[in-house]
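Structure first, commentary second.
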Amino acid sequence: MYNIFKITSNPTIDFAAEELKKYLRMMIVRSGEIPISFDPNAKDGFKIGLMSDFGLDTSDAEDITLDDIIYVKADANGGIIAGSNPGATLIAVYRYLRFCGCRWLFPGIDGEWIPTVETLPDVDYRKLADHRYRGQCNEGAEFQPNMIETIDFTPKIGMNTYMLEFDNPYTYYASYYNHDCSAVRPKEPVSRDTVMRWKRQCEVEIKKRGLHFHDMGHGWTSEPFGLNSSAGWVEDGVIDIPEETKELLAMLDGKRQVRRNIPLLTNVCLSNPKARKIMANAIADYAEKQNNVDFLHIWLADGSNGHCECDECKKKITSDWYVILLNEIDDELTKRNLDTHLVFIAYLDTFWAPLEKKLNNNKRFTMLYAPITRLYTETYAKTPDASQMVPYERNNIKKPKGMAECLAYLHDWKEKMWTGDCFCYEYHFMDFQYWDITNMFVSKILHEDICALKSQGLNGIIEDGSQRSYFPTGFQFYVYGETLYDSSVSFDELKEDYFSHAFGENWKDVVNYLETLKDLMRYSYFHGLESKDESKGQFYNPDMADNAKKANKLVKDFSATIKANLVQQQRASTVAWQLLDLHTFVADKMTTMTQYLCVGDQDNVVKTLREMTTEMSKREVYFERYYDHYLFTRSVKRYSGGEDIVDNLDV
C-alpha cells in the first residue's frame, strides 16, 4: 500500500499529489486506495513539497520562483518528489512518472500512454530546466474544452508558461465557433461575454498548475480609447470615433482615423502626452484588477508601417517613443505601489532599437524578441551580421528575413539598451507548420533553434500558434516542450522516444515514410522559395512535378501499413495511427495539387484544394482536438491564387 504525504500547503502541491495518485493507480491497477494527507514530518511513502521543505540546495537557480529545478529520489516504496517552486513540483511529478514509463503524446485523455507496472523503479534525478520561459500563446481557432486540455498538457511535457493574448480573445474563439472555413458546419456563434468567462476559467486552470501566466499583448492602443479590438484582424462594422479620441490616433496620410477600420491595427500618436497618459492609466487600472497576471505584455498595435506621421512623432523613431511610454507606465505603477512585471517587445517597427532613450527601471521589465518575418529555413545558430541591418524608416521598414540579419537587430537592442532577461515569441506552429507536409522539417528546425537560444542570450520561447498542432503527429510539439526543458536530448533520441510510443513496433517504418515524404515535398518549395520564374508565380517549378508524383505513390503504398495498424492496445497509439490515416487523404490531395501548382495550372489547383477542404470539413469534428481546420485552410489557400476554396453551405 502506498501513501502520499504533502509536506507543504499549497494549491499546486495539492494538485500535484492528486496527479501522482491518479497515475499510480492507473499504472498499478490493483493497488487499491492511495491516501493523501498533509504531514510535514512524514518519514515514509511519497513525500511531495518544495525543495526548501527538504533542505535541498537551490543555489543554481537565479530566481527560484521562475527557474524550475526538478528533484526526485524514490524507490519501489516511495520517496521525495520536489521542485524549486510549486509549478516545478508538479513538473517533478510528471518527470517521475516518465521514469515509470508514462508518456503524453497529445493533449487530453486520448493522448496518454500509460503502462501497467508491477513495481516502481528506483529514480535519482535532479535537473535545472535549461530555459526559464517554456510555453505557448493562444492563436488560430480555439474552442474551450481544447483550451483546458492544452493547459493541462503544458506541464506534462516540461513546460511552465501559458499566455492568453488580448483582454478578450473573442477573435480566436469566433474563428472556431463561426466555422467560416468549414463547408458543412453551421455557425454556432458565442458572445464576447461568454469568451471573457472562458478566459477567466483558463486563468484558474493555469494558476492551479503553477504555470506562469502571461497576459494581453496587443490592444493597449485601442481599448483605452474606446475602440474594441476583440474582432481581431477583420472589420467589425461602422466605428464611430468621437473627436476627442480622433485627435489621439496616429496620423497616416494626413488623416487621424481607425486604420483600415480595424482597431487592432490602429496606433496612437505617441508624441501626444495625453495619449500616453490614457494608456498608462488604463494599464495600471488593468494591473490592479488582474492581480493574477505574472507577466503583463505591453505591445503596440499589430501590423507594420502604421505609426503616426505627425511632425512631432517623426522627430524620434518608434522605439524611442515606445520607451518613453514604457517609462511613464512604470511611473504610474510605482505611484500606485504595484509590482506588476511588464514585457516589452521587439517586433516589426520596434525591431529597431531606440537611438536615444533607455528604460529607467530595468527590474520592472523583460524583453520579448519576435522575429515574425524570418523564413524558418535556418536557425538561431546563425552568427548575427550587423552589415545586413538597415536604418529605420518610418512606415517603410524593410522586414528582415534571414536569421543572421534578424539576430543582428536583437544584439543591437542588447548593445544599446537591454542587458536584462530576454526570450522569444515564435511562430513555428502558425501557418509554417502546414507548409511542411510531415512536420518533420519544422521539428528539426525547432530543435536546432532551441539548442542555439542560449548562444544568443535568449532564455526560452512562447510559441504563438494553434493549440491543435498535432497533425499528422504530435512530434513537433513534443520536441518543443522536451527540448526547452532539456536541450541535451538529441533530436534522434526524441524521435525514437516519441515514435516508438506513438506507433509501437512499426515506428521506424513510420519515420522512414514521413522523412521520405518530407524530402520529396520540400518545405522551401511550399514556402515559395524555389520558383524557377517569378513572373509565373512563386510556386512555378516544373522540376517538382516528378517529386510530387513519387510522393503521391509513396502515400498510396504506405496507406496499407496504416490501415493494418489502426487498432492498438494503447488508446494513444490508436489515435496516432488514426491521425496518420487521416493525413494520407491530405497528403494524396497535396501531392496531386502540387503536380498542377508547379506548372501553373491554377484551375486544377483550385479544384483539388476545394475537394480537399470540403472533405476535411466533413472529417474535422472527429479530429478537431489535434487538427486546426481553420488555420490549415487559411494556410493552403495561398496556393489558390486568391480564389475561394471553401463553399460554406451554412447548413
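Derivation of every value follows stated rules applied to the coordinates shown; laboratory data play no part. All values derive from a computational prediction rather than experimental measurement. FYI the Cβ positions are ideal-geometry reconstructions off the backbone, even for glycines, and counts take in every protein chain you see.
In percent, rounded to a whole number, the relative contact order of the chain is 13, using alpha-carbon pairs under 8 Å and six or more apart. The phi torsions of the stretch 134-147, fed into the Karplus equation with coefficients 6.51, -1.76 and 1.60 and a -60° offset, translate into couplings of 9, x, 9, 10, 4, 6, x, 10, 10, 10, 4, x, 5, 4 Hz, rounded to whole numbers, with Gly and Pro shown as x.
With a cut-off of 8 Å between alpha carbons and a minimum separation of six or more residues, what is the relative contact order of the stretch 432-523 in percent? Once divided by the residue count of the stretch 432-523, the mean separation gives 41 percent. Relative to the globular-protein estimate of 2.2 N^0.38 Å, the Cα radius of gyration of the stretch 211-364 stands at 1.00. Taking a ≥ b ≥ c as the square roots of the eigenvalues of the Cα gyration tensor, the stretch 466-518 is oblate, since a/c reaches 1.5 or more and a/b is not larger than b/c. Exposure proxy for V510, V204: other Cβ atoms within 10 Å of each Cβ, ordered fewest to most, give V204, V510. In the P(r) worked out for the chain, what percent of Cα pairs fall beyond 44 Å? Of all Cα-Cα distances in the chain, 22 percent exceed 44 Å. Here the Karplus relation 6.51 cos²θ - 1.76 cosθ + 1.60, evaluated at θ = phi - 60°, turns the backbone of the stretch 432-445 into coupling constants of 4, 5, 8, 7, 10, 4, 10, 6, 6, 5, 5, 4, 5, 4 Hz, with x for every Gly and Pro. Between the amide H of E463 and those of G135, Q136, C137, E426, distances stay under 5 Å, these residues lying 5 or more places away or on another chain, with hydrogens modeled in the peptide plane.
If packing is taken as the average number of other Cβ atoms within 10 Å across a peptide's residues, how do 106-119, 339-352 rank, most packed first?
The most tightly packed comes first, giving 339-352, 106-119.
Determine the shape class of the stretch 404-542: with a ≥ b ≥ c the square roots of the Cα gyration tensor eigenvalues, call it rounded for a/c under 1.5, and otherwise prolate if a/b is greater than b/c, oblate otherwise.
oblate
Between the listed residues I241, H212, C313, the Cα displaced farthest toward the positive end of the dipole of the stretch 211-364, a dipole computed from Cβ unit charges relative to the Cα centre, is found at C313.
Note: relative contact order over the stretch 211-364, using C-alpha pairs below 8 Å and six or more positions apart, is 28 percent.
Only beta bridges with both residues in the chain are counted; by DSSP, about 30 percent of them are antiparallel.
In this structure, the amide hydrogen of D68, modeled 1.01 Å from its nitrogen in the peptide plane, lies closer than 5 angstrom to those of A129, counting only residues at least 5 positions away or on a different chain. Just check the stretch 114-164 against the gyration tensor rule for me: Cα atoms, a ≥ b ≥ c as the square roots of the eigenvalues, rounded for a/c under 1.5, and otherwise prolate or oblate depending on whether a/b exceeds b/c. Here the stretch 114-164 falls in the oblate category. What separates the Cα centres of the stretch 600-631 and the stretch 252-320 is a distance of 38 Å. Peptides 68-78, 320-330 ranked from most to least packed by the mean count of surrounding Cβ atoms within 10 Å: 320-330, 68-78.
So, in Å, what gap is there between the alpha-carbon centers of the stretch 1-39 and the stretch 511-542? Rounded to whole Å, the Cα centres lie 51 Å apart. Adding -39500 (n - 2.57) for every DSSP H run of four residues or longer, then dividing by how many residues the chain holds, sets the calculated 222 nm ellipticity at -12500 deg cm²/dmol.
Computed from backbone phi, the HN-Hα couplings of the stretch 404-419 come to 4, 6, 4, 5, 4, 5, 4, 6, 5, 4, 5, 6, 8, 9, 10, 10 Hz, rounded to whole numbers (Karplus: 6.51 cos²θ - 1.76 cosθ + 1.60, θ = phi - 60°; Gly and Pro given as x). Its alpha carbons give the stretch 4-128 an Rg and a Dmax of 13.9, 43 Å. Remark: C-alpha extents of the stretch 502-640 on the principal axes read 53, 29, 20 Å, sorted largest to smallest. Given +1 at the Cβ of Lys and Arg, -1 at the Cβ of Asp and Glu and no other charges, the dipole of the chain around its Cα centre is 180 debye to the nearest 20. Using only Cα coordinates, the Kirkwood hydrodynamic radius of the stretch 87-200 works out to 16.5 Å. Under 5 Å from the amide H of L270 lie the amide H atoms of C308, each residue being 5 or more positions distant or on a separate chain, with H modelled from the backbone and absent for Pro and chain starts.
When Rg and the Kirkwood radius Rh are both evaluated on Cα atoms of the stretch 142-261, their ratio Rg/Rh stands at 1.05.
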